[in-house]
Amino acid sequence: MNLNSLLSVVAIIAVATGLVLVYTRFFPDMAFTVIIIYISTIICLSLILAITAWLYRKHKSSVDAGDIAGISENLNTEMIMWTDDLSAVYMNKHMRDLLGIEGFNFDHKAEIMRAFGIENFNHSTIQEIVKSSSHEARFTSADDTPITIAWSTSLVKQKKKTALYLSTGLNLTEIKKMRLDLASTNDLFNYSMSLAEIGIIMSNDMSNFIASPETVRMLGLKSNNISLKNLRAIVHPNDRLMFDSAIKLAGTDNGNEVHNIELRMSSADGFYHWYSYRYKGMNHSDSLPMFGGALMDNTQEHEKDLIIERLAYIDDVTEIANRNKLMDVGQETFEQCRMLDCSYWIIVLDIDRFHIINDSSGYQNGNYILRNFANIMCKFVTPGGLASRISGDNFALIMRDYGDDDLPVRTAKAIQEEFSKSAVGDFASVNLSCSAGYAKMPKDGENFLEAFEHAEFALKSGGNENSTIHGYEARMHDSIIGRTELEKELAVAIDNNELQLFYQPKIELSTGKIMGVEALIRWIKPDGTIVRPDAFVPVAESSHLIGKISEFVLNEGCRQNKLWQKMGYPEIVMSINFTSTDFYQKDLKDKVFEALAKTGLDPKWLEVELTETLALSDIDYAVSQMNKLRELGVKLAMDDFGTGYSSLSYLQILPITLLKLDRSFIIDIEHDNIAYEIVSSVIRIAKSKKIETIAEGIENPNQEDILRKAGCDFGQGYLYGKPMPAEKIEEFFEENMKKTKEK
Ligand code: C2E
Ligand code: MG
Ligand code: MG
């Protein structure tokens with residue numbers, strides 16, 4: 001009871017006494033009764049007050065918290081009121097239940113130490129509890145449960161030397177348990193991921209990535225945060241483009257589809273491992289990452305796949321990618337070009353006259369050349385590119401385009417150069433060269449196959465004989481289609497005997513006598529149009545048709561010459577032209593022998609004309625083929641001398657009997673001293689080697705005069721006669737016989 005209550009009681013008693021006194025004054029006869037009642041009432045009240053005070057005091061001995069006790073007693077939270085000398089300690093029911101205390105009589109010190117989770121109750125521990133905004137205490141409850149309570153303590157009253165504190169607790173037991181559960185779930189999750197060796201990579205902004213502990217372990221990362229730049233840097237250079245597409249795809253994806261890529265990444269052991277990354281872009285929200293996926297090391301599976309892939313995708317001879325692989329990679333690359341707005345080159349390469357090399361040197365050596373070519377090509381493969389052998393002597397190279405339009409030409413030239421230099425040892429005499437055609441992806445096609453075919457078109461448009469490099473242009477299409485059409489037409493023409501030989505006379509300059517004719521093929525169409533060989537021989541040569549044509553020329557030339565002899569014309573040499581395909585055939589000697597035998601022509605009246613380029617493709621083999629013809633007694637002429645890799649030293653090696661000076665020298669000979677000097681010295685040297693000379697394309701008597709004086713043996717050209725059909729040349733024979741007799 002406080003002072004105010006006492007004063008109120010005293011005031012009530014005073015007022016009541018006053019009222020009794022006033023009453024006894026006005027009603028004196030009732031005074032005794034009123035006073036007796038009044039005194040009895042006062043005594044009763046005093047008794048009630050005394051009992052209340054006694055009760056009050058009794059409670060006060062437990063703690064001075066009488067009012068609070070009622071309220072706090074049943075509060076469903078922990079509460080302790082305590083004095084720092086431990087003279088009074090009150091714990092509410094909730095707290096007492098936790099500690100297993102019954103009633104209010106308990107060991108203050110022991111229980112307060114338990115409640116605050118301290119081992120000593122002294123000044124410093126009290127200060128610690130009081131000063132800490134939340135003193136975390138751990139103890140074991142009456143039912144053996146580990147309890148954690150965060151106590152918040154405040155000073156209630158300071159009585160002389162004793163301070164009264166109120167501590168209220170926040171039971172953290174459940175929260176702790178939840179956190180523990182969460183932590184252990186996370187641990188368990190990570191543990192399972194690490195057991196299964198599955199890493200996770202995700203990102204919120206596609207520029208910074210979060211890696212799971214297993215990813216950090218697998219890739220040997222320094223931290224679980226990695227930037228896009230650093231992540232890209234550990235991807236194998238050849239797989240970076242694929243990585244870029246994946247990132248781009250994931251960044252724009254709304255999460256409808258799961259994607260999978262296989263790529264190599266530098267790993268903890270310092271080597272590149274193959275990883276499969278299964279990922280998905282997501283509808284971006286603050287709570288979800290923008291992109292995420294699982295990473296698995298599948299190097300072992302990849303190695304198994306490699307064995308299978310080897311069988312399906314590797315070329316046996318060269319051990320580089322085959323056509324199947326080229327098609328797969330090409331298609332992928334083409335799609336990437338579209339997606340990433342970049343471009344690539346597809347370069348198709350073809351070894352010139354490979355069939356000749358193969359026939360002449362044998363398959364083993366042919367394979368060696370193919371391997372050698374593949375190795376050279378591989379040196380030019382850049383990241384993301386591919387070198388492959390598509391068939392026979394055809395190769396293809398995929399290269400990334402960095403805006404340098406000269407790259408394919410430069411690369412093809414470099415390959416050509418290295419390839420030609422690689423002709424050493426057994427191949428020293430072989431002229432190794434190649435041709436190339438190229439197209440750009442995705443510009444030059446609707447898909448990879450189309451771009452690839454366009455590169456092949458470009459290659460073919462360069463013809464077979466020259467080592468040239470051609471870029472695809474849309475207009476080439478027409479000429480290629482034209483070629484195919486021409487090829488079909490020519491095949492029909494051969495069957496319909498539309499091919500015919502024209503003959504151009506060759507004259508002995510000293511006498512003016514006809515000494516031979518050159519058989520020159522013509523295609524006479526049914527409408528009478530005459531097609532010259534330049535228009536169809538190259539097409540025939542790039543197909544199987546040349547064989548048929550050459551067989552016709554050889555047999556017809558021999559037959560006609562023998563016929564003229566039989567007709568009584570002077571004996572002359574019949575010259576026929578051979579392409580490399582004809583010349584390098586293994587059964588060349590047999591074919592020529594058969595033609596001679598069949599027609600009965602003496603071999604000395606047959607001459608084969610070969611060009612320099614043809615002879616120099618593979619000198620050793622050329623020499624052996626030439627010797628075979630020489631063995632038969634057939635003459636050999638070197639055609640168009642001076643236009644190719646002219647070297648007089650070849651005159652020493654090649655068993656030729658006649659040198660045909662190219663028309664280009666003859667055109668200039670009248671006015672150009674250098675041309676004259678060259679021609680006359682060639683004639684001189686040829687003579688010293690016992691090789692006869694003939695000048696092609698003599699068109700006027702002045703040229704003839706100069707050449708005769710320079711010691712040239714024979715002449716051929718419009719001055720004497722253009723190529724003409726058999727009946728016309730027979731007239732020429734007649735006239736020539738007459739003219740030369742007159743002389
Ligand atoms: P080639 O063997 O050098 O033949 C000489 C060419 O020069 C012929 O052209 C001939 O008509 C032309 N010619 C000759 N004299 C003159 C002249 O005074 N002035 C001019 N402007 N030209 C002259 P043609 O008949 O059109 O033959 C062209 C080429 O076609 C030949 O060059 C030869 O390489 C090839 N050829 C011709 N017939 C055959 C053949 O039956 N088989 C093969 N494989 N190739 C042939
Ligand atoms: Mg010729
Ligand atoms: Mg010629």
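The values are calculated or read from the model by the stated rules, or taken from the named source; none is laboratory data. If you're wondering where the values come from, they're calculated on a predicted model, not measured in any experiment. With ideal geometry, Cβ positions are generated from the backbone for all residues, glycine too; neighbour counts draw on all protein chains shown. Accessible surface areas use protein heavy atoms only, side chains included; no ligands, DNA or RNA. Shrake-Rupley method; radii C 1.70, N 1.55, O 1.52, S 1.80 Å.
Structure shown: which of Lys248/Lys280; Lys325/Lys460; Lys379/Lys440; Lys591/Lys635 lie over 19 Å apart, alpha-carbon to alpha-carbon? As for pairs spanning more than 19 Å Cα to Cα, those are Lys325/Lys460; Lys379/Lys440. Annotation: the antiparallel percentage among DSSP beta bridges lying fully within the chain is about 80.
Would you mind checking which residues have amide H under 5 Å from Ala163's amide H? H placed 1.01 Å from N; only 5 or more apart, or other chain. Amide H to amide H, under 5 Å and 5 or more residues apart or across chains, Ala163 pairs with Asp84, Asp85. Between Phe271 and Glu734, the contour length at 0.36 nm per residue exceeds the alpha carbon distance by 158.1 nm. In this Cβ point-charge picture (+1 for Lys and Arg, -1 for Asp and Glu), the chain has a dipole of about 2520 debye about its Cα centre. Applied to the range 620-634, the Karplus parametrisation 6.51 cos²θ - 1.76 cosθ + 1.60 on θ = phi - 60° returns per-residue 3J(HN,Hα) values of 4, 5, 4, 4, 5, 5, 4, 4, 4, 5, 5, 4, 6, x, 7 Hz, with x for Gly and Pro.
Just from its helices, what would the mean residue ellipticity at 222 nm be for the chain, if runs of 4 or more DSSP H residues each count -39500 (n - 2.57) and the sum is divided by every residue, rounded to the nearest 500 deg cm²/dmol? Walk me through the numbers before you get to the answer.
On the way: 28 runs with 361 residues, N = 743.
After summing the helix terms and dividing by the residues of the chain, the value is -15500 deg cm²/dmol.
Taking amide H as placed 1.01 Å from N in the peptide plane, the amide H of Tyr275 sits under 5 Å from that of Leu263, Arg264, Met265, Asn298, each at least 5 places away or on another chain. Kirkwood radius and radius of gyration were both taken over the C-alpha atoms of the chain, and their ratio Rg/Rh is 1.51. Using R0 = 51 Å, the C-beta based FRET efficiency linking Glu508 and Arg400 works out to 0.20. The distance separating the Cα centre of the range 198-239 from that of the range 542-575 comes to 76 Å. As a calculated quantity, the FRET efficiency between Ala11 and Leu49 at R0 = 25 Å, using C-beta atoms, amounts to about 0.95. Karplus-based coupling profile of the range 407-412, in residue order and whole Hz: 3, x, 5, 4, 5, 4, with θ = phi - 60° in 6.51 cos²θ - 1.76 cosθ + 1.60 and x standing for Gly or Pro. With a simple spin-label model that places each label point 7 Å from the Cα along the Cα-to-Cβ direction, the separation between Leu155 and Leu195 comes to 5.7 nm. Here Lys131 is the anchor, and the lysines within straight C-alpha reach of less than 24 Å, apart from those fewer than 8 places off in the same chain, are Lys109, Lys157, Lys159, Lys160, Lys161, Lys176.
Taking 18 Å as the cut-off, the amide N atoms of the range 431-460 that come nearer than this to a point 7 Å along the Cα-to-beta-carbon line of Glu417 belong to 432-436. Points 7 angstrom from Cα along the Cβ direction at Lys586 and Leu340: gap in nanometres? For Lys586 paired with Leu340, the spin-label model returns 4.8 nm. By accessible area, using a 1.4 Å probe on protein heavy atoms only, the chain has 55% of its surface on carbon and sulfur.
If you take the Cα centroid of the range 687-734 and the Cα centroid of the range 660-684, the two points sit 14 Å apart.
Length available on full extension from Thr252 to Ile674: 0.36 nm per residue minus the Cα-Cα distance, which gives 144.8 nm. Computed from Cα positions, the angle between helix 299-313 and the longest principal axis of the chain comes to roughly 20 degrees. If you wrap the range 521-660 in the convex hull of its Cα atoms and look at it from every side, the mean projected area works out to 9.3 nm². Model label sites at Glu128 and Tyr363, defined 7 Å from Cα along the beta-carbon direction, differ in position by 9.2 nm.
Please identify which residues in the range 336-371 have an amide N closer than 19 Å to a label point set 7 Å out from the Cα of Glu319, following the Cα→Cβ vector. Output list for this probe position: 364-371.
Backbone amide hydrogens, once placed in the peptide plane, bring Gly100 within less than 5 Å of Ala142, excluding anything fewer than 5 places away on its chain.
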